[in-house]
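Chemist: Have a look at this one.
The values are calculated or read from the model by the stated rules, or taken from the named source; none is laboratory data. As the structure is a computational prediction, the values presented were derived from the model and not from experiment. Virtual Cβ from ideal backbone geometry, glycine too; neighbours counted across all protein chains shown.
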Amino acid sequence: MRKSKNSKKGFTLIELMVVVIIVGILAAVAIPIYRSNIKKAAASEGAALLGSVLTAQKVYYAENNTYTSNKSDLNVETAGNKYFTDYTLSGVSASGFTATTTGTGTAAGVTVTMTYTNAGGATISYSGL
């Protein structure tokens, strides 16, 4: 069989547009999922910071038979953290406390809260994910 002179190989404009539309739809779905996963990964840094606060509070409690609301008593170092560089203490009593940290940069809008009681232990909750 003989090919005609006008036979050309390649993609039509319609085929290329279909591919572009498919890639656009995939990107529209994948990018929000990716950003959500990045925030969840950054939130783990906040949980680690609050774990350090818990350990320091337990040491303070062992020495003073109460928890402290003064962060300088705990000596928790946050210099190496990228997203969660500060925390607050609230509801401090002899039976427990609440520690909260809020993210910056990529983790902006993410808040990690840990509530600790002697009877129930620690519970960590996340908001803004």
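Chemist: Taking the stated definitions as given, is residue 77 under 26 Å from residue 127 (Cβ atoms), in contact (Cβ under 8 Å) with a residue 40 or more places away in the chain and either outside any strand (DSSP E or B) or β-branched (Val, Ile, Thr) (or both)?
Modeler: On the way: under 26 Å from residue 127 (Cβ atoms): yes; in contact (Cβ under 8 Å) with a residue 40 or more places away in the chain: no; either outside any strand (DSSP E or B) or β-branched (Val, Ile, Thr) (or both): yes.
Criteria not met by residue 77.
Chemist: Just one of 47, 62 is farther than 25 Å from residue 105 by Cβ, of a type in the set (Gly, Ala, Ser), out of contact with any helix residue (DSSP H, G or I) (no Cβ under 7 Å at 6 or more places or on another chain) and part of a helix (DSSP H, G or I); which is it?
Modeler: Details: 47 fails: farther than 25 Å from residue 105 by Cβ.
When all the criteria are applied, what remains is 62.
Chemist: Would you tally the residues in segment 20-65 being touching a strand residue (DSSP E or B) at 6+ places or on another chain (Cβ under 7 Å) and polar (S, T, N, Q)? Before you say what the answer is, go through the steps one by one.
Modeler: The first filter runs over segment 20-65 and keeps only residues touching a strand residue (DSSP E or B) at 6+ places or on another chain (Cβ under 7 Å), leaving 43, 46-47, 49-50, 53-54, 57.
Going one step further and asking which of them are polar (S, T, N, Q), we end up with 57.
Selection size over segment 20-65: 1.
Chemist: Between residues in segment 101-122 that are on the phi > 0 side of the Ramachandran plot and residues that are of a type in the set (Asp, Glu) and surrounded by 14 or more Cβ atoms within 10 Å (Cβ to Cβ), which pairs lie under 6 Å by C-beta distance while being six or more apart or on different chains?
Modeler: Hits for this filter: zero, empty list.
Chemist: Quick one: which residue in 17, 1, 114 is of a type in the set (A, V, I, L, M), at pLDDT 90 or above and not in a helix (DSSP H, G or I)? Can you show your working first?
Modeler: Values: 17 fails: not in a helix (DSSP H, G or I); 1 fails: at pLDDT 90 or above.
Going through 17, 1, 114 in turn, just one is of a type in the set (A, V, I, L, M), at pLDDT 90 or above and not in a helix (DSSP H, G or I): 114.
Chemist: So, one more: Based on this model, can you work out whether residue 26 counts as in contact with a Phe, Trp or Tyr (Cβ under 8 Å, 6 or more places away or on another chain) and modelled with pLDDT of 90 or more? Show your work before the answer.
Modeler: Working: in contact with a Phe, Trp or Tyr (Cβ under 8 Å, 6 or more places away or on another chain): no; modelled with pLDDT of 90 or more: yes.
Answer is no for this residue.
Chemist: Considering 97, 84, which residue is assigned to a loop (DSSP other than H, G, I, E, B), aromatic (Phe, Trp, Tyr), crowded, with 18+ Cβ neighbours inside 10 Å and at pLDDT 90 or above? Explain how you work it out, then say what you get.
Modeler: On the way: 97 fails: assigned to a loop (DSSP other than H, G, I, E, B).
84 is the lone residue from the list that is assigned to a loop (DSSP other than H, G, I, E, B), aromatic (Phe, Trp, Tyr), crowded, with 18+ Cβ neighbours inside 10 Å and at pLDDT 90 or above.
Chemist: For segment 117-129, name all the residues that are in a strand (DSSP E or B) and not polar (S, T, N, Q).
Modeler: So in segment 117-129, the residues in a strand (DSSP E or B) come out as 117, 121-127.
Matches in segment 117-129: 121, 122, 124, 126.
Chemist: Okay, moving on. How about segment 59-94: which of its residues are of a type in the set (D, E, K, R) and within 20 Å of residue 43 (Cα to Cα)? So that I can check it myself, show each step before the final result.
Modeler: Filtering segment 59-94 down to residues of a type in the set (D, E, K, R) leaves 63, 71, 73, 77, 82, 86.
Result: 77, 82, 86.
Chemist: Hey, any hits in segment 16-32 for a residue that's touching a Ser or Thr at 6+ places or on another chain (Cβ under 9 Å) and more than 30 Å from residue 72 (Cβ to Cβ)? Explain how you work it out, then say what you get.
Modeler: Taking segment 16-32 and keeping what is touching a Ser or Thr at 6+ places or on another chain (Cβ under 9 Å), we get none.
Checking segment 16-32: not a single residue is touching a Ser or Thr at 6+ places or on another chain (Cβ under 9 Å) and more than 30 Å from residue 72 (Cβ to Cβ).
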